[in-house]
Each structure stands twice: as C-alpha cells, then as structure tokens.
Amino acid sequence: MGFQDEPFSWSEETALEKLNAALSLPGKPAPRGEAGDGTMRHYDFSGASPVMFETVFPFTADRKVHLVPEVLGADPFRYETSQSDGYPLVLVSPATSKTISSTLGEDNLPTLYVEIHPNDAAPRGITDGDRVRVHNELGEVVSVARVRGRVRPGVVSMPKGAWRRSSPSGLTATALCPAHVNDVGGGACFNDARVEVERA
C-alpha cells in the first residue's frame, strides 16, 4: 500500500519485543517474552481474591486514587453549555441492546428512527411513525419518529450503528455531530450535537 513508516518494516519478533517493553503488568515491567507466549498474567495480590485498598492498590506513587490528577489540567470537569442558534434539541446517539457498533447495524437497524418526547413532538406536529428530518448546519438525516416518554424533553435519541442505507437521506447521526473535541481527553463530542426535528 506504499506505507513507509518504520513499524511496517518490523518483523513479528521485533513488534512483540517492542510491545513487551512498553507493557506494565501489575505495576511491574513485563518479563521478556510474556506478550507472545500465550499465557495469562494474573495480578499480584495476597490472599485468595483481590480486595481493593486492602490487597490491591492503584498504581500511583502514593497508592491512592487521584480524582483530579494534575495531568488533566486545572479544571478538567467543568461544564460548558453548548449553544447552537436555531437548533434547540440535544441529539444523543447511544448504543442499543442490538447495536453496539455498525458491525451489527445491517440487520438490526433496517429503518433508522429518532425518539422524541411527546412535549417536543406535539408543537412540531409530529406523531408516532411520521417521517421526519433531523437537521442542523452540518447535514440532514431523514428517519422515522418514535414519540416516547423515555427521552427527556429537549433531547432526541438516534441509535448509533445504523448503516447509511437505513435512512432515505443516506446519512446517520454521525453526519450531525460537531468536529470539535474535548479539551481534556481529546475525544469526540458526539453528544454536543444540537438539532431541529421537522416533519419530512
């Protein structure tokens, strides 16, 4: 495929050696060859079973849990309200009992749906089973409305893992998610998506 990065030239033995050197097992360096010998490595604790803070401890220098470690910065748990003019609903895209990823979406989500609270559906003229467009400045997803009290007012829920063919618009919840990332962890902010829902 034309990749020139050094790891692509490593042999399997070299890759295993580098992996092994980077491992820390039960707070200790991994013995040479441990990663590739196929055996299980158990945690090092005394007694018949591990008991947190009695026979096993965090791998911090003081063996305590650090709820606000310095590496996270001065204010890692601050809450910032995300506003999006004209898009009053918060879109969440959780897994379902049948879809934890798109691997299972082909058969378990043949038709994409969005759950909306009755208090949000009524003023928009949306009834259960209506075809709706969920949209913001990034895109538009056509789906079927499920009017349910399971979601909070102000929140709509569209399951993750759906294949693009499950929506007439050929897009899923991912198309509505912002591109910015979390300041602390650098992760995607999927649930910062703000949308409007209308009958299609």
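The values are calculated or read from the model by the stated rules, or taken from the named source; none is laboratory data. Everything numeric here is computed off the predicted structure, so don't read it as measured data. Positions of Cβ are generated from backbone atoms using ideal geometry, with glycine treated the same way; all protein chains shown enter the neighbour counts. Heavy atoms of the whole protein, side chains included, go into the accessibility calculation; ligands, DNA and RNA do not. Shrake-Rupley method; radii C 1.70, N 1.55, O 1.52, S 1.80 Å.
Surrounded by fewer than 12 Cβ atoms within 10 Å (Cβ to Cβ), of a type outside the set (Val, Ile, Thr) and either in a loop (DSSP other than H, G, I, E, B) or without any contact (Cβ under 8 Å) to a residue 24 or more places away in the chain (or both): is that true of Asp128 in this structure? No: the conditions fail for Asp128. A single entry from Val184, Val144, Val151 fulfils the requirement of being assigned to a strand (DSSP E or B) and touching a residue at least 12 places away in the same chain (Cβ under 8 Å): Val144.
Is it true that Asp107 is in a helix (DSSP H, G or I), acidic (Asp, Glu) and surrounded by 14 or more Cβ atoms within 10 Å (Cβ to Cβ)?
Numbers: in a helix (DSSP H, G or I): yes; acidic (Asp, Glu): yes; surrounded by 14 or more Cβ atoms within 10 Å (Cβ to Cβ): no.
Here the answer is no, as Asp107 does not meet what is asked.
If you go through segment 82-95 and keep only what is part of a loop (DSSP other than H, G, I, E, B) and open to solvent by less than 40 Å² (accessible area, probe 1.4 Å), you end up with Ser82, Ser84, Ser93.
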